[in-house]
1. Rounded to the nearest 0.05, what FRET efficiency do Asp203 and Gln10 give with R0 = 30 Å and r taken as the Cβ-Cβ distance? Could you check?
2. Cα to Cα, under 28 Å, and not fewer than 8 places away if on the same chain: which lysines meet these conditions relative to Lys158?
3. For the chain, with only Lys/Arg (+1) and Asp/Glu (-1) charged at the beta-carbon, what is the dipole magnitude about the Cα centre, in debye rounded to 20?
4. Does the range 107-181 come out rounded, prolate or oblate, given a ≥ b ≥ c as the square roots of the eigenvalues of its C-alpha gyration tensor, rounded meaning a/c under 1.5 and, failing that, prolate meaning a/b above b/c?
5. Based only on other Cβ atoms within 10 Å, what is the fewest-to-most ordering of Val51, Val172?
6. As I understand it, the value is the acute angle between the Cα axis of helix 33-45 and the longest principal axis of the Cα atoms of the chain; what does it come to in degrees, rounded to 10?
7. If you add up the charges near Gly70, with Lys and Arg at +1 and Asp and Glu at -1, over every other residue whose beta carbon is less than 13 angstrom from its beta carbon, what do you get?
8. Place +1 on the Cβ of every Lys and Arg and -1 on the Cβ of every Asp and Glu in the range 1-136, take the dipole about the Cα centre, and give the residue among Gln63, Val131, Leu79 whose Cα lies farthest towards its positive end.
Amino acid sequence: MQNAIMDLPQLGMDPGRTYRLGIMGGTFDPIHNGHLVAAEQAYDDLDLDIVVFMPAGSPAFKQGKRIASGEDRYAMTLLATSDNPHFVASRFEIDREGITYTADTLRMLKDYYPPNVELYFITGADAIAEVVRWYDSASIAENATLVGATRPGYNLDKASAAIDSSGIDFHVIYLEVPALAISSSYLRDRVAKGQSLRYLTPDSVTGYLHKHQLYGAKAGKYGR
Ligand code: ATP
Ligand code: MG
């Protein structure tokens, strides 16, 4: 855990101002331009100081599913975010044992930072509809503002209805992001079929997943 704490951005030094920390959580298997554009829009519209991308360690809802290792997902997240000065990748969740619950992550971040650091948890329209059912969602509501980004194929109205009827006092900001109808599943499928990922994810990510032969990547047109 020590390593993971070390890679968190330093914020909150000036007690005279408020700092806004964006947290983009996800499995990132692999990370793609839909994640990046949502985080960038949140940074802009909400005046965030920085956005931390946190690949999930062992996500509760992906138990029993095959996912790439935490190290590979973290490495691709690092590559995808490295050229953006206000994005960072963190090992905070992948270095944690057991199932990584968002509620625990946000509580730990809240404890780590001084009170003048506000947390903004960024999700797409599909995930925000689910948050009300996540483990200890009341403490998620207590520790962070939720940011619900539009995502093609998912209805933000449905998500807001789920939030409103939850009986929990969530603070939610809805965010319009440039539409990218892509998902990690779609990218994995394309890799397995030997199709191009260009313009769907940074080329550095494509290079990595071919080099490490993830998702059934084969040598060929787009591989080595
Ligand atoms: P998978 O197909 O494996 O579920 P995914 O593309 O949904 O992958 P996740 O890692 O599950 O990616 O998602 C992380 C977060 O990013 C979620 O909050 C999700 O809603 C959001 N997100 C993913 N893709 C997009 C997109 N194209 N536009 C907006 N938000 C997105
Ligand atoms: Mg998903």
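Just so you know, all these numbers are worked out from the coordinates, no wet-lab data involved. Given the structure is predicted, the values throughout are model-derived calculations rather than measurements. Here the Cβ is made from the backbone with ideal geometry for all residues, glycine too, and neighbour counts use every protein chain on show.
1. 0.45
2. Within the straight-line cut-off, Lys158 pairs with Lys62, Lys65.
3. 1280
4. Oblate, because a/c is 1.5 or more while a/b does not exceed b/c.
5. Val172, Val51
6. 30
7. Neighbourhood net charge equals -2.
8. About the Cα centre, the residue reaching furthest to the positive side is Gln63.
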